[in-house]
Amino acid sequence: MPEDRPITGYPVPAAPRIPVASPIIGARESELVQEALAAGQVSGGAFVRRFEEGFAERIGVRHAVATMNGTVALHLALAALDLKPGDEVLVPDLTFIATANAVRYCGATPVLVDVDPLTWCMDPEAARAAITPRTVGMVPVHLYGYPAQMRELAALAEEAHLWLVEDAAEALGTTYRGRHVGALGHPAIFSFYGNKTLTTGEGGMVTTDDDRFAERLRSLRAHGMRPERRYWHEIVGFNYRMTNLQAALGVAQLERLDDMLVAKRATAHRYLKGLEGVDGLTLPGEPPEGAHGWWMFSLLYDSVKARDRVALALYEQGIETRPFFVPLHELPPYAGAAPCPVSADLGRRGMSLPTGAGLTPREVDEVSEAVKAAL
Ligand SMILES: *Cc1c(COP(=O)(O)O)cnc(C)c1O
């Protein structure tokens with residue numbers, strides 16, 4: 001463990017005045033959940049298909065398969081790809097732990113790959129260097145809403161005969177070379193956890209353009225039962241279905257998605273103006289070949305000390321911030337992996353500021369001023 005990691009840890013406010021992320025739940029969400037309840041459709045129901053179809057259309061793919069949460073969406077996608085013990089999968093070292101854990105659920109081995117210092121996403125050259133005869137696929141992550149270097153990664157995947165699954169859990173609203181991520185020709189997963197851009201409480205989605213793969217996902221999602229023959233199971237599947245109540249929330253959230261994305265982008269650009277030129281900060285930017293989804297407005301300080309000083313100062317003012325994910329190779333389940341120096345460095349210096357769609361311009365300015373004052 002790096003010795004400059006703070007011993008006391010990072011302050012976690014119980015009820016922040018300005019949270020990092022908070023969902024926007026309004027009358028429409030209540031109305032549609034009520035409708036699902038009134039229809040008595042609490043498990044399966046019409047909202048699931050409606051949400052799937054609306055989501056697929058919004059992303060620009062043929063199929064969207066809804067799941068209980070984003071983690072099982074990943075597991076489902078990997079299981080549908082027949083990932084098995086002995087296989088290796090390239091996973092970025094700087095991500096939420098679910099990305100690597102889903103590989104473990106299949107009995108396979110996640111191989112941690114360092115990230116690029118500019119995109120903070122899986123470094124294509126490091127990925128190339130990590131390939132072994134056992135490597136079967138890769139799961140790049142669009143970290144905090146910034147698109148991974150998909151052109152290079154997809155070319156590498158094709159060259160090395162690997163499948164590629166996009167972990168787009170944090171990347172609703174993110175585009176890359178004219179398309180929404182998750183529609184770049186590979187299966188992808190999304191998450192609708194309460195702190196994500198669109199929420200269904202818990203929830204997830206797998207997207208794909210491949211009809212047969214979609215069918216396999218649907219089958220595995222529901223115990224591998226053949227739709228036309230009751231209780232006939234040809235494979236060992238899972239129960240990873242999304243409930244109709246979650247989907248009702250999702251349909252309502254989808255209606256306000258574009259407004260939420262506009263609000264988040266405005267917040268990010270207001271931070272960029274407010275913090276421009278401040279010494280000791282490295283600010284994020286829009287990607288050269290797409291649009292940032294701005295799940296989180298995330299920045300870097302010059303040192304862990306500076307970061308933690310700002311975190312504490314903002315905490316004392318009721319402003320929540322989040323440290324970057326702890327690099328996976330520093331966590332007990334993944335200890336012993338090869339070092340990833342870029343990820344280790346970013347993990348210590350990175351912070352996300354409040355980026356919820358409901359944030360007011362005044363709050364954004366208050367946070368910017370608080371960061372400057374603390375520095
Ligand atoms: C949130 C998240 C997940 C998992 O989603 P859940 O819905 O919380 O299970 C997976 N990968 C990344 C990168 C995430 O941020």
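The values are calculated or read from the model by the stated rules, or taken from the named source; none is laboratory data. If you're wondering where the values come from, they're calculated on a predicted model, not measured in any experiment. Note that we place each Cβ from the backbone using ideal geometry, even for glycine, and neighbour counts take in every protein chain shown. The accessibility values were calculated without ligands, DNA or RNA, using every heavy atom of the protein model including side chains. Shrake-Rupley method; radii C 1.70, N 1.55, O 1.52, S 1.80 Å.
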Practice problem: Identify the single condition in (1) at pLDDT 95 or above; (2) out of contact with any Cys (no Cβ under 9 Å at 6 or more places or on another chain) that residue 15 does not satisfy, given that it satisfies every other one. | Solution: (1)
Practice problem: Spot the failing condition for residue 148; the list is (1) in a helix (DSSP H, G or I); (2) more than 25 Å from residue 237 (Cβ to Cβ); (3) within 16 Å of the ligand (Cβ to nearest atom), and only one is missed. | Solution: (1)
Self-check item: Members of the range 222-259 that are open to solvent by 80 Å² or more (accessible area, probe 1.4 Å) and assigned to a loop (DSSP other than H, G, I, E, B)
Solution: 223, 226, 227, 228, 229, 230, 231, 232, 234, 236
Quiz item: Inside the range 176-211, can you point out the residues that are within 15 Å of the ligand (Cβ to nearest atom) and over 27 Å from residue 43 (Cα atoms)?
Solution: 181
Exercise. Would you tally the residues in the range 133-149 being farther than 10 Å from residue 89 by Cα and surrounded by fewer than 23 Cβ atoms within 10 Å (Cβ to Cβ)?
Key: 2
Quiz item: Within the range 179-215, restricting attention to residues that are free of Cβ contacts under 8 Å to residues at least 40 places away in the same chain and over 16 Å from residue 167 (Cα atoms), which residue is surrounded by the fewest Cβ atoms within 10 Å (Cβ to Cβ)?
Solution: 212
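Filter the range 59-73 down to the residues that are within 10 Å of the ligand (Cβ to nearest atom) and out of contact with any Lys or Arg (no Cβ under 9 Å at 6 or more places or on another chain) and list them by number. Walk me through how you get there before you give the answer.
Here is the first cut: in the range 59-73, the residues within 10 Å of the ligand (Cβ to nearest atom) are 67-73.
If the condition is that a residue be within 10 Å of the ligand (Cβ to nearest atom) and out of contact with any Lys or Arg (no Cβ under 9 Å at 6 or more places or on another chain), then 69, 71, 73 are the ones that fit.
From the list 29, 52, 35, exactly one residue is assigned to a helix (DSSP H, G or I) and open to solvent by 20 Å² or more (accessible area, probe 1.4 Å). Which is it?
Numbers: 29 fails: open to solvent by 20 Å² or more (accessible area, probe 1.4 Å); 52 fails: open to solvent by 20 Å² or more (accessible area, probe 1.4 Å).
After applying the criteria, what remains is 35.
Identify, please: which residue in the range 160-175 is within 16 Å of the ligand (Cβ to nearest atom) and more than 18 Å from residue 214 (Cα to Cα) and is, among those, surrounded by the fewest Cβ atoms within 10 Å (Cβ to Cβ)? Full working, then the answer.
Restricting attention to the range 160-175, the residues satisfying the condition of being within 16 Å of the ligand (Cβ to nearest atom) are 164-174.
Subset that is more than 18 Å from residue 214 (Cα to Cα): 169-174.
On the way: 169: 30, 170: 25, 171: 30, 172: 29, 173: 22, 174: 25.
Checked the range 160-175; the qualifying residue surrounded by the fewest Cβ atoms within 10 Å (Cβ to Cβ) is 173.
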Exercise. With the condition kept exactly as written, say whether any residue in the range 325-341 is exposed (fewer than 15 other Cβ atoms within 10 Å of the Cβ), at pLDDT below 95 and in contact with a strand residue (DSSP E or B) (Cβ under 8 Å, 6 or more places away or on another chain).
Key: yes
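For the range 288-327, name all the residues that are in a helix (DSSP H, G or I) and touching a Ser or Thr at 6+ places or on another chain (Cβ under 7 Å). Step through it out loud before you land on a result.
Going through the range 288-327, the residues in a helix (DSSP H, G or I) turn out to be 304-316.
Scanning the range 288-327 gives 311, 314.
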Practice problem: Please tell me if residue 72 is among the aliphatic types (A, V, I, L, M) and either under 25 Å from residue 258 (Cα atoms) or free of Cβ contacts under 8 Å to residues at least 40 places away in the same chain (or both). | Solution: no
Quiz item: Got a number for residues in the range 183-193 being assigned to a loop (DSSP other than H, G, I, E, B), of a type in the set (Gly, Ala, Ser) and either within 20 Å of residue 82 (Cα to Cα) or at pLDDT below 95 (or both)?
Solution: 1
Quiz prompt | Leading residue by the ranking (nearest to residue 241 (Cα to Cα)) among those in the range 74-96 that are within 12 Å of the ligand (Cβ to nearest atom) and open to solvent by 10 Å² or more (accessible area, probe 1.4 Å) | solution = 75
Exercise. With the checklist (1) at negative phi; (2) within 16 Å of the ligand (Cβ to nearest atom); (3) buried (at least 24 other Cβ atoms within 10 Å of the Cβ); (4) not polar (S, T, N, Q) in hand, flag the one item residue 114 doesn't pass.
Key: (2)
Quiz item: Considering 54, 107, which residue is at positive phi and more than 16 Å from the ligand (Cβ to nearest atom)?
Solution: 107
